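In what follows, a structure is listed as structure tokens, so that the remarks can point back to it.
The values are calculated or read from the model by the stated rules, or taken from the named source; none is laboratory data. Quick caveat: nothing in here was measured; it's all calculated off a predicted structure. Neighbour counts are summed over all protein chains in view; Cβ atoms, including those assigned to glycine, are modelled from backbone coordinates with ideal geometry. SASA here: full protein model, heavy atoms, side chains in, ligands and nucleic acids out. Shrake-Rupley method; radii C 1.70, N 1.55, O 1.52, S 1.80 Å.
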Amino acid sequence: MPKHSPIPTVPTFADAFAYSLDAWQRSILFLDVMRQRGEQYEKHTAETAPHVLNYEAELVVDGRKLEKPVNYALVRIIPPEGIVVDPLKRPFVVVDPRAGHGPGIGGFKADSEIGVAMKAGHPCYFIGFLPEPVPGQTIEDIAGAEAIFLETVVARHADADGKPCVVGNCQAGWAVMILAALRPELFGPIIIAGTPLSYWAGVRGQYPMRYSGGLLGGSWLTALTSDLGAGIFDGAWLVQNFENQNPANTLWSKQYNLYSNIDTEAERYLGFERWWGGHVTLNAEEMQFIVDELFVGNKLAAGEIRTSDGTAIDLRNIHSPIVVFCSKGDNITPPPQALDWILDLYDSVDEIRAHGQTIVYAVHDKIGHLGIFVSAGVARKEHDEFASNIDLIDVLPPGLYEAVLEPASEDIEGRDLVAGDWVMRCEARTLDDIRALGGNDLEDERRFATAAKLSEVNLALYRTCLQPAVKAAVTSPMAEAMRRMHPLRLQYEIFGPRNPLMGWIEAAAEHARENRKPAVDDNPFLALQESMSRQIVDGLEAWRRTVEHLSEETFRTVYGAPALQAALGIDSHADRPRKPEKSHLHQALLETRIAALRAEVAEGGLREALARALLFVGKARGGADERGFEAIRRLRRAHPTASQLTLAEFKALLRRQFVILLIDEEAALAAIPKLLPEDVNERRAAFDALREVLQASGAITGAAAERLERVGRLFGLESEAVPFVARKTARERKTS
């Protein structure tokens, strides 16, 4: 919004006239944008496959033609002119959420997830959906279709250097994670952006949307809404829930920003509204599963969801690296909901490593939920870095990391090894770093468990007492009429071409544009307008905070009542939240694997020795840097014999040596001389390459320098290793 000077003491008549003319013209132009929005809405909803992709696409697999048909499809994104993709690079597959809006937000514009992936040279695919579901389709059917889609992508890129990187936005993220747990062999790295996985988690005084299910009495209202839709759940209600979280923006700021900046804001506003107004529907069974199993039941991380054949969905089965991107400014999927599934599944980072999982998270300071997908700044920074460094993420040893992004200034060490404007470093973290972001205590967990139990009771009562009558009363035409009358649809149609009262607006707007006379910035009435707008926003914000506080206290009081908890069978003496059972078979297999790796400590050659030494020294730095990985790439290109390993083989080599170091570090180091060639020149060249990789991220100092010196001695280069590394200063030695 424009900034204006303070209101002068005595506004003049000229100021009043100029402002009045400006305000009248802005009002006409505002109505014209509303008219265009209505026309755009009707054209968009009339399309067979409406979407907001900014790219041409080629249909690859139509989900409606599968054995179990669904309203999903796989398309290949055709690179625009000037963009060249490398068929040998791993493909990216972007999956958009079916959470009320139509598909395409992942490729909404050039600065988007699809845009930055293609800029990095990756072929791109997109999984979208039609507005209406196939009758009878279920969430499990959709997972089966997406598995076929990924099988197709893998087959089309059999020679690519890695399995597909799959990006799941918002609710598509949990669907991707479910499929990855069932079919882990189909996936390369997984990026889940703004995705809720731990649905009860949060911080007191913040993120009140998690209380909605309990305050509504559970999922019976979902069943009622679906029955009123004749078996169809209207996604407009999901969008309405989203808008209710920010009444100041919904009721005022969004429209006021357009009105006050009408000369510059119309195109951006209409572009976003094209997606925002594209409401879709779900089958009753789909929506009931989502609410019962996920949002109210919170069964995913607990391992309590099973497929139709009885297979338990255990997120610990995922083999691919998982990148979690969330934001402190996101009140829909705050960091605890995006990250606390890690605490639900694991008791320590060692457990994460024992399951061979690599988890990388990034937490934005302030961007909102939609900004995670649509913000150009986020696309140019976080998503660009994820796409550019996806191979680095893929080869990280198992563990928990935070992706830290720093500006790549011209004088930074190894600037030539950085492709973009940021340097990504993956720093090792512990579960305490996740806990520090906030979360529930045991009493909170019991409250949500009580709400889930009450939801089951209420749903059973509804299905027994009311559902038969509702289903008998509602016909398909009646349900369609009610959908058309939804307030979110009416706000588009009321300004659309079917309203005869809008007939004069287009001509009046053209006249206003031809004679446009905006008021000058220091007009005192503009300052008064801005002041009134701020007061309206402040009032709506105060209302929001009051409602949120009352909602939270009501939830805590009702579901914290010992009598209600006892009546519903909640154990008030449980000393820990529910967690999925630990697999005795996995423990036995792990012990067998450890025994086998112990026998491999002295096996291998120069590759194994270099990988082991790199991990040993790098461990002192507490993470990995994109510059070091780029240095490895360049060394592989410069030495053809070193490039014989594929990325998958290189990843397997690093992981094996990492685990060997974890099992017995001293024995692993002591075995290095046995793995080295006898020729001192070969050993010296290998050590030089190792040092070059380590120095790519900056000077080697402190503990890392001491470790490199030790590696030099193991390489038999005692007299040569020390001069190449930075030594501690006398002061550092004194304080250490």
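Among the candidates LEU224, LEU228, LEU197, LEU215, single out the residue that is open to solvent by 30 Å² or more (accessible area, probe 1.4 Å), in contact (Cβ under 8 Å) with a residue 12 or more places away in the chain and touching a Leu at 6+ places or on another chain (Cβ under 8 Å).
Going through LEU224, LEU228, LEU197, LEU215 in turn, the sole match is LEU224.
Given the criteria of a type in the set (A, V, I, L, M, F, W, C), assigned to a strand (DSSP E or B) and either farther than 24 Å from THR333 by Cβ or within 18 Å of the chain's Cα centre (by Cα) (or both), does VAL60 qualify?
Criteria met by VAL60.
Please specify each residue of the stretch 134-150 satisfying the condition of being assigned to a helix (DSSP H, G or I), among the hydrophobic types (A, V, I, L, M, F, W, C) and either over 17 Å from GLY310 (Cβ atoms) or touching a residue at least 40 places away in the same chain (Cβ under 8 Å) (or both).
ILE139, ILE142, ALA145, ALA147, ILE148, PHE149, LEU150 - these are the residues of the stretch 134-150 that are assigned to a helix (DSSP H, G or I), among the hydrophobic types (A, V, I, L, M, F, W, C) and either over 17 Å from GLY310 (Cβ atoms) or touching a residue at least 40 places away in the same chain (Cβ under 8 Å) (or both).
If I ask for residues that are surrounded by fewer than 19 Cβ atoms within 10 Å (Cβ to Cβ) and either touching a residue at least 24 places away in the same chain (Cβ under 8 Å) or touching a Leu at 6+ places or on another chain (Cβ under 9 Å) (or both), which ones from the stretch 66-75 would you list?
Answer for the stretch 66-75, where residues must be surrounded by fewer than 19 Cβ atoms within 10 Å (Cβ to Cβ) and either touching a residue at least 24 places away in the same chain (Cβ under 8 Å) or touching a Leu at 6+ places or on another chain (Cβ under 9 Å) (or both): LEU66, LYS68, PRO69.
Every residue, every condition in (1) in contact with a Gly (Cβ under 6 Å, 6 or more places away or on another chain); (2) under 30 Å from LEU488 (Cα atoms), yes or no:
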| position | (1), (2) |
| --- | --- |
| VAL84 | no, no |
| LEU88 | no, no |
| PHE92 | no, no |
| ASP96 | yes, yes |
| LYS109 | no, yes |
| ILE114 | yes, yes |
| ALA120 | no, no |
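So VAL154 passes all but one of these: (1) buried (at least 21 other Cβ atoms within 10 Å of the Cβ); (2) assigned to a helix (DSSP H, G or I); (3) touching a Pro at 6+ places or on another chain (Cβ under 7 Å). Which condition number does it fail?
(1)
Is at least one residue of the stretch 507-530 within 32 Å of the chain's Cα centre (by Cα) and open to solvent by 60 Å² or more (accessible area, probe 1.4 Å)?
The answer is no; no qualifying residue exists.
Does MET209 count as within 29 Å of ILE342 (Cβ to Cβ) and open to solvent by less than 10 Å² (accessible area, probe 1.4 Å)?
no
Say we look at the stretch 107-119 and pick out the residues that are crowded, with 20+ Cβ neighbours inside 10 Å and in a loop (DSSP other than H, G, I, E, B); which of these is nearest to the chain's Cα centre (by Cα)?
Looking at the filtered set, the residue picked out is SER112.
hydroxyl-bearing (Ser, Thr, Tyr) and either more than 27 Å from GLN337 (Cβ to Cβ) or buried (at least 20 other Cβ atoms within 10 Å of the Cβ) (or both) - does that describe any residue in the stretch 291-307?
For the stretch 291-307, residues hydroxyl-bearing (Ser, Thr, Tyr) and either more than 27 Å from GLN337 (Cβ to Cβ) or buried (at least 20 other Cβ atoms within 10 Å of the Cβ) (or both): absent.
So which of PRO91, PRO50 is closer than 22 Å to LEU179 by Cα, open to solvent by less than 20 Å² (accessible area, probe 1.4 Å) and in contact with a His (Cβ under 9 Å, 6 or more places away or on another chain)?
PRO91
Restricting to the stretch 263-282, give me the number of residues that are open to solvent by 10 Å² or more (accessible area, probe 1.4 Å) and either more than 30 Å from ARG26 (Cα to Cα) or among the β-branched types (Val, Ile, Thr) (or both).
The number of residues fulfilling the criteria is 1.
Six or more apart or on different chains, Cβ atoms under 9 Å: show the pairs whose first residue is in the stretch 582-593 and of a type outside the set (D, E, K, R) and whose second is part of a loop (DSSP other than H, G, I, E, B).
SER583/ASP314; HIS586/HIS355; LEU589/SER583; LEU590/HIS355
Taking ALA49, is it within 17 Å of ARG98 (Cβ to Cβ) and touching a residue at least 40 places away in the same chain (Cβ under 8 Å)?
Yes.
Looking at (1) in contact with a Gly (Cβ under 8 Å, 6 or more places away or on another chain); (2) open to solvent by less than 60 Å² (accessible area, probe 1.4 Å); (3) not in a loop (DSSP other than H, G, I, E, B), which is the one condition that is false for THR45?
(2)
Could you tell me whether the stretch 164-180 includes any residue that is under 17 Å from LEU647 (Cα atoms) and out of contact with any helix residue (DSSP H, G or I) (no Cβ under 6 Å at 6 or more places or on another chain)?
No, that holds for no residue.
For GLY63, work out the one condition from (1) at pLDDT 95 or above; (2) touching a helix residue (DSSP H, G or I) at 6+ places or on another chain (Cβ under 9 Å); (3) open to solvent by 20 Å² or more (accessible area, probe 1.4 Å) it doesn't fulfil.
Among (1) at pLDDT 95 or above; (2) touching a helix residue (DSSP H, G or I) at 6+ places or on another chain (Cβ under 9 Å); (3) open to solvent by 20 Å² or more (accessible area, probe 1.4 Å), the lone unmet condition for GLY63 is (3).
Just checking, how many residues over the stretch 482-506 are open to solvent by 80 Å² or more (accessible area, probe 1.4 Å), hydrophobic (A, V, I, L, M, F, W, C) and part of a helix (DSSP H, G or I)?
The number of residues fulfilling the criteria is 2.
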